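Reviewing the structure listed below.
What follows draws every value from the coordinates through simple rules; no lab data is involved. Worth saying up front: this structure is predicted, and the values here are computed from it rather than measured. All Cβ positions, even for glycine, are placed from backbone atoms using ideal geometry, and neighbour counts span all protein chains on display.
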Amino acid sequence: MTFTHRHLLGIEHLRPEEIVTLLDLADDYVTLNRAAEKHGAALAGLTQINMFFENSTRTQASFELAGKRLGADVMNMAMQASSITKGETLIDTAMTLNAMHPDLLVVRHPHSGAVDLLAQKVNCAVLNAGDGRHEHPTQALLDALTIRRAKGRLHRLNIAICGDIAHSRVARSNIILLGKMENRIRLIGPPTLMPAGINEFGVEVYDNMQKGLDDVDVVMMLRLQRERMDGGFIPSEREYYHRFGLDADKLAHAKPDAIVMHPGPMNRGVEIDGTLADDINRSVIQDQVEMGVAVRMAAMDLLARNLRTVRGAA
Ligand code: ASP
């Protein structure tokens, strides 16, 4: 098997053929999820704990459903409300949970690198559900599956990632994944929302939507991440929408069959026009949500296989 990792911490650790293995398995899970009987047994007998130190609706629900569909015992820990407010450290919390013998730990944390640190301390497989501005690997994988199914391939596409790149772990994971699969990536946004050292990523940078969208196959919009800004990044939301919000006029510069993506949650009228977001002829935003469950099933299935192999050998 071409996927031998103990954890899924970031796209940067994956080889292109591992990405393909995971997406192929996820395709099978899309079929299962569309069937009347949706249960698989890949995680039967295993315990999955979801630890979200940051608010999340769709990612947590998606991981929970993915685990349940594959037969795991799934527990959600509301970390905001629990021990951290009492001053327990991340590692203390992890060690406590580790003593309960989970097999899969799904972690979201506001600090970049926190999930990697935690993975070094526990005995189970750890999946990064988003750490600060660092990585959000399952988001990039579900985006890749959505693109591959819509476009019939995942290479040699022109892909624009637009908006608040600087604060976005979604952008970072996507840039790494789509780069590994040999696509041409353009980043579009105001210079204040471009991360430092962006030129090292092998991407083209634009501060004009009309120019940047010219001839692209995929338009990926990002949320303005206000919670990671400390003021002064954009003049006003109105001005931002005028220059960088995606509407039908700006989309007309892309290829006629270009697809529109957004990881959610969306700010309608700020980064994207609401009608366009709902247009099923252009927008694949709902497909992204569907692919999310399948990709998380595939990721946990592959990690569980490796876990069983390691334990069997011990
Ligand atoms: N849901 C994505 C994330 O957790 C994108 C966003 O929040 O804007 O990074």
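In the P(r) worked out for the chain, what percent of Cα pairs fall beyond 24 Å?
For the chain, the share of Cα pairs beyond 24 Å comes to 52 percent.
Stick to the Cα atoms of the stretch 176-291, pair each with every other, and give me the Kirkwood hydrodynamic radius in Å at one decimal.
Result for the stretch 176-291 stands at 14.9 Å.
Using the per-residue mean of other Cβ atoms lying within 10 Å as a proxy for protection, in what order, highest first, do the peptides 65-77, 269-281, 153-165 fall?
So the order, starting with the most tightly packed, is 153-165, 65-77, 269-281.
Against the globular-protein guess of 2.2 N^0.38 Å, express the Cα radius of gyration of the stretch 6-57 as a ratio, rounded to two decimals.
The reported ratio for this selection is 1.45.
What lysines sit close enough to residue 250 to cross-link, taking a C-alpha to C-alpha distance under 22 Å and skipping anything fewer than 8 places away on the same chain?
Hits, sequence-local ones excluded: 151, 211.
Which three extents, in whole angstrom, do the alpha-carbon atoms of the stretch 37-196 cover along their principal axes, largest first?
Over the stretch 37-196, Cα extents along the principal axes are 46, 42, 25 Å.
Would you mind checking the tilt of helix 58-69 against the longest principal axis of the Cα atoms of the chain, expressed as 0 to 90 degrees and rounded to 10?
With rounding to tens, the tilt is 40 degrees.
Quick check for me: using +1 on Lys/Arg Cβ and -1 on Asp/Glu Cβ, what's the dipole size of the stretch 19-123 about its Cα centre, in debye to the nearest 20?
220
Helix 16-34 versus the longest principal axis of the chain: what angle, 0 to 90°, nearest 10, using Cα atoms?
80
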